[in-house]
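Following: one structure in structure tokens, then a few remarks.
The values are calculated or read from the model by the stated rules, or taken from the named source; none is laboratory data. Since the model is a prediction, treat every value here as computed from it, not as a measurement. As a convention, Cβ positions derive from the backbone with ideal geometry for all residues, glycine included, and neighbour counts pool all protein chains shown. The area values use the complete protein model at the heavy-atom level, side chains included, leaving out ligands, DNA and RNA. Shrake-Rupley method; radii C 1.70, N 1.55, O 1.52, S 1.80 Å.
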Amino acid sequence: MGRKPMTSFDSFAEQYAKTMGDTGDYTHRKTINPTLFKAIGNFKGKVIYDIGCGNGYIAKKLAREGAKEVRAPDISKKLISIAKNEYENPGNKIKYFVSEASDFSNLPKNHFDLIIMNMSIHYIKDFEKFARV
């Protein structure tokens with residue numbers, strides 16, 4: 001707590017955001033997203049925590065398609081800035097912020113209906129700590 005996240009993601013944030021765009025790249029749209037959204041199921045009206053949101057393309061899809069609220073953290077300050085400033089925020093439902101994946105200290109208790117983590121679990125340094133929270 002109070003420690004500034006360290007990341008190399010800022011160094012390629014612009015290229016990543018350009019590649020992913022507003023809907024994800026081809027591989028995500030054709031293979032990853034269908035599996036992810038099948039696992040998620042009906043998320044309409046739900047409050048969702050999208051850990052490691054990157055440029056926020058999944059958070060935007062969730063907000064556009066009926067989520068009540070999406071909290072979307074990422075460790076990269078630059079990716080969060082891109083998500084906030086270069087893409088729409090459907091219904092103003094998305095709250096982006098910079099945070100390490102295992103830092104839940106500033107989150108309300110029992111607030112989320114669903115927590116997702118797409119393509120970022122392998123970056124967790126202390127998985128046991130993360131899993132206990």
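Quote the charge dipole size of the range 70-122 about the Cα centre in Debye, to the nearest 20; the model charges only the Cβ of Lys and Arg (+1) and of Asp and Glu (-1). Intermediate results must be reported in sequence, preceding the final value.
On the way: 7 positive and 6 negative charges, 28 e Å.
Once rounded to the nearest 20, the dipole reads 140 debye.
Remark: the chain carries a charge dipole of roughly 280 debye about the Cα centre, counting +1 on each Lys and Arg Cβ and -1 on each Asp and Glu Cβ.
Which values of log₁₀ I(q)/I(0), to two decimal places, follow from the Debye formula for the chain at q = 0.12, 0.13, 0.22 Å⁻¹ with a uniform point scatterer at every Cα? Reported log10 I(q)/I(0), two decimals: -0.43, -0.51, -1.56. Amide hydrogen proximity for Tyr96: with H placed 1.01 Å from N in the peptide plane, the residues at 5 or more positions away or on another chain lying under 5 Å are Ala72. In the chain, the DSSP-assigned H stretches of four residues or longer account for a calculated mean residue ellipticity at 222 nm of -8000 deg cm²/dmol, using -39500 (n - 2.57) per stretch and the full residue count as denominator. The listed peptides 68-81, 25-38, 87-100, ordered by packing as a protection proxy, come out as 68-81, 87-100, 25-38 (highest mean of other Cβ atoms within 10 Å first).
Heavy atoms only, probe 1.4 Å: what % of the accessible area of the chain goes to carbon and sulfur, would you let me know? C and S fraction of accessible area: 52 percent.
Provide the per residue accessible area, probe 1.4 Å, for the range 1-76, rounded to a whole number of square angstrom. Provide the component values of the computation, followed by the final result.
Numbers: 4050 Å² over 76 residues.
With all protein chains present, the range 1-76 gives 53 Å² per residue.
Modelled label positions at Glu128 and Asn42, each set 7 Å beyond Cα in the direction of Cβ, lie 4.0 nm from each other.
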